[in-house]
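Structure incoming, see below.
The values are calculated or read from the model by the stated rules, or taken from the named source; none is laboratory data. All of these numbers come straight from a predicted model, not from anything done at the bench. Cβ sites come from the backbone with ideal geometry, for glycine too, and all protein chains shown count toward neighbours.
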Amino acid sequence: MNGNRISLQNVNLHYSSVGFRDRSLKALLSRAFHPRANRVEVHDVHALKDINVEIRAGERIGLLGHNGAGKTTFLKMLAGLYPISSGRRVVEGKIRSLFDLSLGFEPDASGRENILYRGLLLGLTPKYMRAMESEIVAFADLGEFIDYPIKTYSAGMQVRLAFAISTAVGGDVLLLDEVIGVGDEDFMKKAKRRILSLIDRSEILVLATHDVASLTSLCDRALLFHHGSLIFDGTVKAAIDAYRATQTAAMS
Amino acid sequence: MPDGYASAVWNARYFWLHLTLADLRSRWRGSFFGILWTLIQPVGTTLLLSLVFSKIFHTPIREYAPYILSGMVVWDFAIASSTAGSLSFVQADAYIRQCKQPLAIYTLRTVLTNLVVLSLASMGLIVWVLVAMPEMFGWSWLAALAIFPLLLLIGWPLATVLAYFATRFRDLPYALALVFQAMWFVSPIYFKVETFRSGGLNALVDYNPIYHLLQIVRAPLLQGAWPTWENYAWSLGLAVALSLIAVIVGSRVEKTMIFYL
């Protein structure tokens, strides 16, 4: 048994309100001089509230919840991108995450060069990336465009390339955020197969999705979030029922 | 720098090295003239300035031009590293949102790019001095090489501190331009040291790290002399002070930067 695991104890996460207020030196000064000016008070957002979860190797976790319930924040917190404001977060194992796929290209560099850069961002070596290059090029299937600068790509082409690179290497802990719907129909089928093989090779999967069908087929345990709190932790079927219950409760 | 952070920067070395190369390539992409611009631009400006200044200050242009050029290439590095450096996190936001890497690698990228530009621009200076003042050539020139590691050790923490603040306060680059303009006026960058001394402004020379930093290049290249230990001490002192500030600020705000992007 290997030691891959996720352990969260009383984890809280706040988005600092400064991040979405007027952020300039000018605003800072005017606040200092007009402390009681008429403004809309913006508060810190309490995005995750007292989360306690233990995930062991081999588990397949699905995240459920309405938009803004905290699923993506939860994933990004697991990935170490968002700092927690209190509690304890332990993630053991090589994390591989797929969010915001179309972001992070050098627009002036060619597709081929960007394969290298993106791989290096993920912590891989140039040697390894050169070995992977032809496979990634074949999967993205962009034809001659692979040697054109990224700025000539359409949004769909960028996503295809990003997807091909990001899914070329697996990890122990796989974090997925609604990535299954990328590209056109043919590419979707290919993409789905590739994701499935990535999931097979991972030790822990955490998947955020609204698609109940893929949740049922891929996951064996589900976490239900509601306004930043974890309100249900159990089997997928029971979680879906609880999710539907919150939906009808919200409607009535 | 905390151990874990330093090793994370080292582990990401392929990434920031390739980003630096990508920056340089896109700067020079397209034409051979691209790379030449880095040389032509400071030399051209210097010619223009020294024509005017040598008349005002009654200095022979042969000596004054390399003085201005040496000040210009180093000052251009300082300005580029701070203004472009302060935007490094904002520019790299797509990477920062996707993958956890130490943020200092993005300022390192900017500073390294500028350091390569500086080393190319300084070729113009070396050629000028070799042609116009060949008597200055000697072993002391080796001492001038210290400018590259010193500028890296000063520019990197400076850019990193500024980037922390500029990500939080988006109008910082404007304020920065003003500060640098002021520093330019009170430092012997284009104006000669003697001008300051004859005006009784010795403190602006002796206690100015910019003067000492420039002396590391100017003493060997323009005077054929070795830089003094004070020159090195002031420059290193500046590097240490800025690094301390960067570590202190970074340990407080690095993790929250993602909220401001």
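Just checking, does the stretch A:1-13 include any residue being at positive phi, modelled with pLDDT of 85 or more and touching a strand residue (DSSP E or B) at 6+ places or on another chain (Cβ under 8 Å)?
yes
Answer yes or no as to whether residue A:160 is among the basic types (Lys, Arg) and surrounded by 19 or more Cβ atoms within 10 Å (Cβ to Cβ). Reasoning before the result, please.
Details: among the basic types (Lys, Arg): yes; surrounded by 19 or more Cβ atoms within 10 Å (Cβ to Cβ): yes.
The answer is yes for residue A:160.
Shifting gears a bit: Taking residue A:148 as the residue in question, decide whether it is among the aromatic types (Phe, Trp, Tyr), more than 20 Å from residue A:194 (Cβ to Cβ) and at the interface with chain B (Cβ under 9 Å from one of its Cβ atoms). It would help to see each step written out before you state the result.
Numbers: among the aromatic types (Phe, Trp, Tyr): yes; more than 20 Å from residue A:194 (Cβ to Cβ): yes; at the interface with chain B (Cβ under 9 Å from one of its Cβ atoms): no.
No: the conditions fail for residue A:148.
So that you can scan it fast, the table gives a plain yes or no per residue for (1) part of a helix (DSSP H, G or I); (2) of a type in the set (Asp, Glu); (3) more than 9 Å from chain B (Cβ to nearest Cβ):
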residue	(1), (2), (3)
A:69	no, no, yes
A:87	no, no, yes
A:96	no, no, yes
A:107	no, no, no
A:117	yes, no, no
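Moving to a separate point now. Among all residue pairs at least 6 apart or on different chains, which show Cβ distances below 7 Å where the first residue, located in the stretch B:243-257, is of a type in the set (Ser, Thr, Tyr) and the second is outside any helix (DSSP H, G or I) and surrounded by 15 or more Cβ atoms within 10 Å (Cβ to Cβ)?
B:256/A:83
Yes/no per residue for (1) more than 30 Å from residue B:188 (Cα to Cα); (2) surrounded by 20 or more Cβ atoms within 10 Å (Cβ to Cβ); (3) out of contact with any Gly (no Cβ under 8 Å at 6 or more places or on another chain):
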{"residue": "B:67", "(1), (2), (3)": "no, yes, yes"}
{"residue": "B:77", "(1), (2), (3)": "no, yes, no"}
{"residue": "B:86", "(1), (2), (3)": "no, yes, yes"}
{"residue": "B:102", "(1), (2), (3)": "yes, yes, yes"}
{"residue": "B:106", "(1), (2), (3)": "yes, yes, yes"}
{"residue": "B:109", "(1), (2), (3)": "no, yes, yes"}
{"residue": "B:112", "(1), (2), (3)": "no, yes, yes"}
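Could you run through the stretch A:174-225 and say how many residues are part of a helix (DSSP H, G or I), in contact (Cβ under 8 Å) with a residue 24 or more places away in the chain and closer than 22 Å to residue A:76 by Cα? Lay out the reasoning, then the answer.
Within the stretch A:174-225, the subset part of a helix (DSSP H, G or I) is A:185-201, A:212-218.
Okay, now just the ones that are also in contact (Cβ under 8 Å) with a residue 24 or more places away in the chain, so A:187, A:190-191, A:194-195, A:198-199, A:201, A:212, A:214-216, A:218.
Narrowing the set further to residues that are closer than 22 Å to residue A:76 by Cα leaves A:195, A:198-199, A:201, A:212, A:214-215, A:218.
Result for the stretch A:174-225: 8.
For residue B:207, indicate whether it is farther than 21 Å from residue B:69 by Cα and either out of contact with any helix residue (DSSP H, G or I) (no Cβ under 9 Å at 6 or more places or on another chain) or buried (at least 17 other Cβ atoms within 10 Å of the Cβ) (or both). Show your work before the answer.
Working: farther than 21 Å from residue B:69 by Cα: yes; either out of contact with any helix residue (DSSP H, G or I) (no Cβ under 9 Å at 6 or more places or on another chain) or buried (at least 17 other Cβ atoms within 10 Å of the Cβ) (or both): no.
Judged against the criteria, residue B:207 is not a match.
Confirm whether residue B:235 is buried (at least 18 other Cβ atoms within 10 Å of the Cβ) and either away from chain A (no Cβ under 14 Å) or part of a helix (DSSP H, G or I) (or both). Show your work before the answer.
On the way: buried (at least 18 other Cβ atoms within 10 Å of the Cβ): yes; either away from chain A (no Cβ under 14 Å) or part of a helix (DSSP H, G or I) (or both): yes.
For residue B:235, the condition - buried (at least 18 other Cβ atoms within 10 Å of the Cβ) and either away from chain A (no Cβ under 14 Å) or part of a helix (DSSP H, G or I) (or both) - is met.
Further question on the same structure: For the subset of the stretch A:204-248 comprising residues that are in contact with a strand residue (DSSP E or B) (Cβ under 7 Å, 6 or more places away or on another chain) and of a type in the set (Asp, Glu), which member is nearest to residue A:178 (Cα to Cα)?
A:220
Can you name the residue in the stretch B:56-103 that is β-branched (Val, Ile, Thr) and touching a residue at least 60 places away in the same chain (Cβ under 8 Å) and, of all such residues, is farthest from residue B:256 (Cα to Cα)? Can you show your working first?
Narrowing the stretch B:56-103 to residues β-branched (Val, Ile, Thr): B:56, B:59, B:61, B:68, B:73-74, B:79, B:83, B:90, B:96.
Applying the additional criterion that residues be touching a residue at least 60 places away in the same chain (Cβ under 8 Å) yields B:59, B:68, B:74, B:79, B:83, B:90, B:96.
Numbers: B:59: 53, B:68: 42, B:74: 33, B:79: 26, B:83: 22, B:90: 14, B:96: 12 Å.
So, considering only residues that are β-branched (Val, Ile, Thr) and touching a residue at least 60 places away in the same chain (Cβ under 8 Å), the one farthest from residue B:256 (Cα to Cα) is B:59.
A further question on this structure: What are the residues in the stretch A:74-101 that are of a type in the set (A, V, I, L, M) and touching a Phe, Trp or Tyr at 6+ places or on another chain (Cβ under 9 Å), if any?
Passing the criteria: A:75, A:79, A:81, A:98, A:101.
In the stretch B:161-184, is there at least one residue being of a type in the set (S, T, N, Q) and closer than 19 Å to residue B:91 by Cα?
Taking the stretch B:161-184 first, the residues of a type in the set (S, T, N, Q) are B:167, B:181.
Subsequent filtering for residues that are closer than 19 Å to residue B:91 by Cα retains B:167.
Yes - at least one qualifying residue is present in the stretch B:161-184.
List the number of the failed condition for residue A:56; all other conditions in (1) touching a residue at least 24 places away in the same chain (Cβ under 8 Å); (2) assigned by TED's automatic domain parsing to the domain that holds residue A:9; (3) within 19 Å of residue B:105 (Cα to Cα) hold.
Of (1) touching a residue at least 24 places away in the same chain (Cβ under 8 Å); (2) assigned by TED's automatic domain parsing to the domain that holds residue A:9; (3) within 19 Å of residue B:105 (Cα to Cα), only one is false for residue A:56: (3).
Ok, one more. Within the stretch A:90-131, track down each residue that is modelled with pLDDT of 85 or more, among the polar types (S, T, N, Q) and more than 18 Å from residue A:151 (Cβ to Cβ).
A:125
Name the helices (runs of 4 or more DSSP H) wholly within the stretch B:77-191 that hold at least 3 residues that are under 16 Å from the mean Cα position of the chain (by Cα)? Lay out the reasoning, then the answer.
On the way: elements: B:88-91, B:93-98, B:104-132, B:141-144, B:147-168, B:172-185.
Once the helices (runs of 4 or more DSSP H) in the stretch B:77-191 are filtered for at least 3 residues that are under 16 Å from the mean Cα position of the chain (by Cα), what remains is B:104-132, B:147-168, B:172-185.
Residue-by-condition table, conditions (1) within 14 Å of chain B (Cβ to nearest Cβ); (2) out of contact with any strand residue (DSSP E or B) (no Cβ under 6 Å at 6 or more places or on another chain); (3) crowded, with 18+ Cβ neighbours inside 10 Å:
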site: A:100; (1), (2), (3): yes, yes, no
site: A:103; (1), (2), (3): yes, yes, no
site: A:114; (1), (2), (3): yes, yes, yes
site: A:120; (1), (2), (3): yes, yes, yes
site: A:130; (1), (2), (3): yes, yes, no
site: A:137; (1), (2), (3): no, yes, yes
site: A:140; (1), (2), (3): no, yes, yes
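Here is a further query. If I filter the stretch B:24-39 down to residues being without any contact (Cβ under 8 Å) to a residue 24 or more places away in the chain and assigned to a helix (DSSP H, G or I), which single residue comes out as surrounded by the fewest Cβ atoms within 10 Å (Cβ to Cβ)? Break it down stepwise before answering.
At the first step, the residues of the stretch B:24-39 found to be without any contact (Cβ under 8 Å) to a residue 24 or more places away in the chain are B:25-26, B:28-34, B:36-37.
Among the residues that remain, those that are also assigned to a helix (DSSP H, G or I) are: B:25-26, B:28, B:32-34, B:36-37.
On the way: B:25: 14, B:26: 15, B:28: 17, B:32: 7, B:33: 9, B:34: 14, B:36: 12, B:37: 15.
Once the filter is applied, the top-ranked residue is B:32.
Evaluate the stretch B:51-58: report whether one residue or more is of a type in the set (Gly, Ala, Ser) and in a helix (DSSP H, G or I).
Yes: the stretch B:51-58 contains one or more residues that are of a type in the set (Gly, Ala, Ser) and in a helix (DSSP H, G or I).
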